[in-house]
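Reading through the structure tokens given below for one structure.
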């Protein structure tokens, strides 16, 4: 089968391209910018485009499927050529559904926690050598590629994202998967550039629940009021399995999960991760993994990439990085960090650089998000605001919205780096929260 990727360099797209190459498909692609690690990984598989840019001549009538990434625009010349030839054009999630429509589909959804829960499930199944297809949004230890597609496997586990499917398909990605088994971890308003009101955002989750196949299963977080409302108001038939934060304690810096089988030591920390773990346990149970086997495997789970991930520093200082950028994620990460390191001086750095996080109206969602930290630092780039064509934001507004007068606010990367260099990283503990890189800050030095 011949497939062509428009915008092959994306983190999700290049993983799918590699998975199809491994499956034996003929894969080509284009992009106007490809960064690491996508570039090296595509090159290793022999499917890195020879030159950057869009080339309509690459689009020929013998292509069976064109897969369109979000990075491309509606006026993309390759997309125009594909339409002209009448080729079948898929969004990323649409193509994944085509690959899994004859399998049992397990979809993990929610505003926060979905990557970690999906990663926990895959870790447990991999530990017990259970072979399944999957798609997850973070790099995992023991996995080469974050998409796997086969002809033979009966199950596919999918991380279900509520963001748009493609430039020409404005449905939320997770609405295309039609899950047999689903999980919903939480609902907290995000992507306000697309979902202008909170109700518009919640509506995507109502539709997601409505898309569960008749007689399917929904595992859901009963501690989230919005999730409970969506589940209780659903009109379709499926089995409901609630979950909540399990009992645990912190002893000598180690998290111990309280179970009927005794205390289970874990490598992850934070109440939100224990909640994620409980959701993963229920999903694994539906896949035939007994609790004893689940706990046996989960002890060695060290976390998904950039989810409270420990950074090995040259000076042996204690530093964690977290993908947290949305308010609910920041609050959960800060709470976990403060609980885990009660006696140390805690430094928390947050970079605001998404469309939502730089919107003055949305900033109100960050109220008290960094409370509990002895030193709280927020960084955003004034240049990023200009690039996004957004109005300037004052540091005073940030302090006001965060309801934290002691907040340090930096708007210039060089000034942030100078402040960072003055800190003795061997004293205190540090957490860096961003989906960016703090203007190129090296966290290992």
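Just a few scattered comments:
- Search result, residues across region 262-274 that are out of contact with any helix residue (DSSP H, G or I) (no Cβ under 6 Å at 6 or more places or on another chain) and part of a loop (DSSP other than H, G, I, E, B): 267, 268
- Failed criterion for residue 206 (all others in (1) surrounded by 18 or more Cβ atoms within 10 Å (Cβ to Cβ); (2) without any contact (Cβ under 8 Å) to a residue 40 or more places away in the chain; (3) part of a helix (DSSP H, G or I) hold): (1)
- Residue list for region 309-322, restricted to those being outside any loop (DSSP other than H, G, I, E, B) and either surrounded by 23 or more Cβ atoms within 10 Å (Cβ to Cβ) or at positive phi (or both): 320, 322
- Scan of region 1-22 for residues that are buried (at least 16 other Cβ atoms within 10 Å of the Cβ) and either part of a helix (DSSP H, G or I) or on the phi > 0 side of the Ramachandran plot (or both), ordered by number: 7, 12, 13, 14, 15, 16, 17, 18, 19, 20, 21, 22
- In region 282-308, the residues that are without any contact (Cβ under 8 Å) to a residue 24 or more places away in the chain and part of a helix (DSSP H, G or I): 285
- Condition met for residue 68 (outside the structural domain of residue 153 (by TED's automatic domain parsing) and in contact (Cβ under 8 Å) with a residue 60 or more places away in the chain): yes
- Taking region 323-421 as the region of interest, the helices (runs of 4 or more DSSP H) fully inside it that hold 1 or more residues being in contact (Cβ under 8 Å) with a residue 24 or more places away in the chain and touching a helix residue (DSSP H, G or I) at 6+ places or on another chain (Cβ under 8 Å) are 327-340, 395-402.
- Filtered residues of region 93-115 (kept if modelled with pLDDT under 95 and under 20 Å from residue 144 (Cβ atoms)): 115
- Conditions (1) over 12 Å from the mean Cα position of the chain (by Cα); (2) at pLDDT 95 or above: number failed by residue 165: (2)
- Region 134-162, subset surrounded by 23 or more Cβ atoms within 10 Å (Cβ to Cβ) and within 20 Å of residue 25 (Cα to Cα), residue modelled with the lowest pLDDT: 146
- Flag if residue 315 is over 17 Å from residue 126 (Cβ atoms) and touching a helix residue (DSSP H, G or I) at 6+ places or on another chain (Cβ under 6 Å): no
The values are calculated or read from the model by the stated rules, or taken from the named source; none is laboratory data. Every value quoted in this text rests on a predicted model; they were computed, and no experiment measured them. No Cβ is skipped: glycine too gets one built from the backbone with ideal geometry, and neighbour counts run over all protein chains shown.
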